[in-house]
Structure formats: structure tokens, C-alpha cells
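As C-alpha cells, the structure follows; a few thoughts come after it.
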Amino acid sequence: MWPYWVLFLIPAFWAVSRLKPVPYTALSVQPARWPVVWRVVYVSLVLMIGLRHEVGGDWITYIEMLASYTDTTTADKFGFQDPAFVLFNLLSTWSGTGVYLLNLLSALFFSWGLVIFCRAQPRPWLALVVAIPYLITVVAMGYTRQGVAIGIAMVAMVALGQGNTLRFILWIAFAALFHKSAIILVPMAVLASTKRRVMKLVWVTAAGSILYVLLLQEATSFLIYGYVESQYQSSGAAIRIAMNALPAALFLIFRKRFQLSPEQLSFWTWMAWSALLFIVLLIVSPSSTAVDRVALYWIPLQLFVLSRVPNALGQRAGKNAGWVYAVVAYSAAVHFVWLVYADTAFAWLPYQFYPWVWLWQ
């Protein structure tokens, strides 16, 4: 269990030791080159997520998926599946590196998106702390292909927050190549629009329709049967929905105190309201798994809101140490409860690092 705590405590230390937030005016002009410390963070995340061994609830599923690629033609493999993730599988199969290359490639994209998203916040280290208990530990290390899609979707969210709708659509399209469900975020481009809404409605609807036909249409019946008609249930779905609902409620109550551009305010307001809507959907849906999996795309709301809470509830440009400690303590509690009490935590414990396991075989 200790590797997960090392992963948490290092950014937690930086979060509480660097209490001065990045000025809001500087966030839109972040340098393209990451500081050395963030490059180290990126490489560390890629290695820990990508080179894990027998870690994650879907570990066996991805092993079996790779095995199936030797039994069908290349054309068949691109059938109802996600094209970019299929390519990762093919590269892993052809190279003989198995699930490790698959996970490593996935980790490259997920971690890249996560770092970009965190660095777009005034307290990037605090955003990373919030991400560790669930987004990194559970999603990136468990739901591999959806984790990649979420990582890329976070890049799209940063673009939309900067008012670039076209880039948002393109990044979501790229994310959908790894997991088709990412298309669910396309309507947010229209809802978050503050200018020329009619024009954006027309072309975003057109883009969404094209993406649906190209990526999702043929798989719709399979997805409906697999999640809804089969009435799959996910243990802990209500808790995960609540984890999105809490920052959503905080944001809606205090949103006037968040220093946001019109585009950011509009986008995250809609994200907050829809996060609360998932509570209703969870109650009425025959499959909690279907609601749970879609709600994963709303996890970035936790990073966005909770990392900005110190500035929103304290002094706008102050250190606000008390609020920072509170967010870190909350994240530590989530981390502890999941590792100790979650029904599926056994699939993550103990953490094993493949190069280390290989050396001792």
C-alpha cells in the first residue's frame, strides 16, 4: 500500500509548501515547456501507471483482450471497438510486449492530459493531490482505455475554458477514438458558449452527428444491451456520484467568488448542474454501471473546484493555508477509505512494479 501513499504525499507536500497561488492573469500564458519538476511528475506517473503489474480491476480483462487479437483478422479487430485503443493493442501484440506496452502507451496520454489540466489551475499541486485518490489510482490504473479518453478530454476542457470551441471538439474526437463514450461531452461546447450561440449550435451539432455516425452508431445497440438491458450494477457508484456532486454544489453556491473568464464560468456551471443530475439518473436508471461510467468524465470537476476552493472561500490571492490543508485532508481521507474499505481494492493491492517483479523472477 505504501507506493500509493508515496504517490500522494509528495504532491501533498508541495501543495502545502507552495501556498502562494499562480496569478490568474498568468494562467493563460503558461510556457509550452514544463518546468523540470513537472517533467519529473509526468515521467513518474507514466512509469507507475504504465508499468504496474497485476494491478487494477480490469487487469485480466485486458490480458484476455490482447490474447483475442491473435485469433481474428486486423479488419475484425476494428469492428465495434475503439480504433486508437485497438492500435495500441495491435502494437503490443506484434511487439510481444503484451499488456505492459499497452498500459505504458495509455499512461503517456493520460498523464499528459492530467498535467496540462493541473497546470491550468492556480494551485496545480493541489489539483494533482485531488486527482490521486480516484482519478489516478482507480481510473487510470483500472479503466485503462477510458482513463486515456478522460486524460485527453481534460486537454479539451482547458481549450474550451480558453474559448476555443474548435479545439475542444477536435480533442473530444481524439478522445473518442480511445473510448466512444467521450462523445457525451460534445454538447457541452454549445451549452458553455457565450458568443454566437446559434452558429456554434449549428456546427457543433453537425460535428457531433458526424462523430456519432463514424464512432458510436454501430456500437449503440451493443452498449445499450451491455450496460442498460443487462442492468449491471456498480458497487460504490453512489459514493462516486456524490464525490462529483460535492464540488458541484460548492461551485454553484460560491461561483461568483471563483475568478473565471465568461467561457470558464459558463462551462463549469453546466458541468456542475449536470454532475447533480447524475444523482437523479442513478436513482431512475436500471443500471448504475452505465451512469457510473459516464460520470467518470465529470471527475475533472473535482480537480477544478477543490483546487480553487482556497482562493474562492479565502483571500483571492492569499496563501489560505487552512483551506489548502482542508482539501489535502479530505483527499487523504478519500485515499485511505478507498484503499482500506473499497470492495475492489484487493485488485490494487499490493502495488507491484513490473521491472522490479521481472528482476526477481
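If you go through the stretch 310-361 and keep only what is farther than 20 Å from residue 9 by Cα, of a type in the set (A, V, I, L, M, F, W, C) and in contact with a Pro (Cβ under 8 Å, 6 or more places away or on another chain), you end up with just 317.
Checked across the stretch 272-285, the condition of being part of a helix (DSSP H, G or I), in contact with a His (Cβ under 8 Å, 6 or more places away or on another chain) and at pLDDT 90 or above holds for no residue.
In the set (1) of a type outside the set (A, V, I, L, M); (2) crowded, with 24+ Cβ neighbours inside 10 Å; (3) not in a helix (DSSP H, G or I), the condition left unmet by residue 163 is number (2). Of all residues in the stretch 306-334, exactly one satisfies the criterion of being in a helix (DSSP H, G or I) and out of contact with any helix residue (DSSP H, G or I) (no Cβ under 9 Å at 6 or more places or on another chain), namely 329. Among the residues of the stretch 287-305, the ones that are farther than 16 Å from residue 334 by Cβ and part of a loop (DSSP other than H, G, I, E, B) come to 1 in all. The residues of the stretch 1-47 that are modelled with pLDDT under 90, closer than 18 Å to residue 131 by Cβ and among the β-branched types (Val, Ile, Thr) amount to a single one, 22. Residues in the stretch 100-118 that are over 15 Å from the mean Cα position of the chain (by Cα) and surrounded by fewer than 23 Cβ atoms within 10 Å (Cβ to Cβ): 100, 101, 104, 105.
Checking each residue in the stretch 83-105 for being touching a Lys or Arg at 6+ places or on another chain (Cβ under 7 Å) and touching a residue at least 60 places away in the same chain (Cβ under 8 Å) picks out only 85.
Quick one: would you say residue 293 is at pLDDT below 90 and either closer than 29 Å to residue 3 by Cα or touching a His at 6+ places or on another chain (Cβ under 9 Å) (or both)? When the stated conditions are applied, residue 293 passes them. Within the stretch 166-182, can one find any residue that is surrounded by fewer than 18 Cβ atoms within 10 Å (Cβ to Cβ) and either modelled with pLDDT under 90 or part of a loop (DSSP other than H, G, I, E, B) (or both)? Checked the stretch 166-182: at least one residue is surrounded by fewer than 18 Cβ atoms within 10 Å (Cβ to Cβ) and either modelled with pLDDT under 90 or part of a loop (DSSP other than H, G, I, E, B) (or both).
The values are calculated or read from the model by the stated rules, or taken from the named source; none is laboratory data. This structure is a prediction, so every number in the text was calculated from the model and none was measured. Counting neighbours? That spans all protein chains shown, and the Cβs are built from the backbone with ideal geometry, glycine included.
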